[in-house]
Amino acid sequence: MATKKTSTKNKKNEFDIVDLILQDHIPLKGLIKIMKNLDKTLDERKQAFEKFAPLLLIHAKPEEQILYVHMKRDKKLRMEGFEGDVEHVLAEQLIDEAKTTADDELWSARVKVLAELVEHHIEEEEDDLLPKFKKISAAEDRVGMGIEYLDAQDNTLEDGNEVVPRKSEDENSIVSPALN
Ligand SMILES: [Fe+2]
Ligand SMILES: [Fe+2]
């Protein structure tokens with residue numbers, strides 16, 4: 001399925017994989033704050049989790065398939081690529097467990113650990129991994145990878161996952177995977 005793009009702008013970095021990843025992190029970080037905050041009601045945390053789970057999936061799978069695969073081919077970044085994979089697996093496990101947890105307190109504990117894990121993971125990506133990757137990569141290559149990343153997001157959606165439209169800072173620029 002082709003990615004639909006309605007922006008009239010054609011800025012190169014619009015498709016830079018690093019920028020796309022950073023943009024995906026923004027809503028995840030907002031939901032994490034709610035999920036780990038026990039001052040929020042159970043309902044508020046449950047609603048945040050319901051949004052978080054598909055949003056994380058549609059971010060994590062393409063990140064693994066495009067960015068981490070690329071990193072694992074680079075001597076210096078190989079270990080960090082694996083570390084990313086491992087953390088994604090742990091997050092996925094916690095999500096699956098939380099989905100089938102009936103006890104509210106056990107659910108709260110699992111979701112708090114999940115939120116803290118992904119928060120730490122995102123921090124490492126933003127403070128360490130992405131800046132390192134940016135240093136060793138050419139802007140053109142990152143744009144090519146960004147296009148692949150968007151295609152991989154479309155494929156993740158086609159696999160039957162929930163739809164989460166991407167909205168950029170520019171109100172008129174919405175890249176939203178077409179559905180059905
Ligand atoms: Fe990640
Ligand atoms: Fe990420």
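The values are calculated or read from the model by the stated rules, or taken from the named source; none is laboratory data. The shown structure was predicted, so the numbers you read here are calculated from the model rather than taken from an experiment. FYI the Cβ positions are ideal-geometry reconstructions off the backbone, even for glycines, and counts take in every protein chain you see. For the accessible areas, the whole protein counts, side chains as well, though only heavy atoms, and no ligand, DNA or RNA atoms are used. Shrake-Rupley method; radii C 1.70, N 1.55, O 1.52, S 1.80 Å.
With a cut-off of 17 Å on the backbone N, no residue of the range 103-147 is near the modelled label site 7 Å out from Q47 along Cα-Cβ. For the peptides 78-87, 48-57, 15-24, the ranking by packing is 15-24, 48-57, 78-87, with the highest mean count of neighbouring Cβ atoms within 10 Å listed first.
With protein chains left intact and a 1.4 Å probe, residues in the range 1-149 average 56 Å² of accessible area per residue. Computed on the range 1-123, with alpha-carbon pairs under 8 angstrom and 6+ residues apart, the relative contact order is 26 percent. Summary of packing: across the peptides 40-47, 106-113, the per-residue average of other C-beta atoms within 10 Å ranks them, highest first, as 106-113, 40-47.
In terms of distances greater than 26 angstrom between alpha carbons, the cross-link table entries K99/K134; K29/K134; K75/K99 yield K99/K134; K75/K99.
Using a 1.4 Å probe on the protein chains only, how many percent of the accessible area of the range 7-142 belongs to carbon and sulfur? Carbon-and-sulfur percentage of accessible area, whole number: 53. Maximal additional length on extending the T100-E83 stretch stands at 3.5 nm, based on 0.36 nm per residue less the C-alpha distance.
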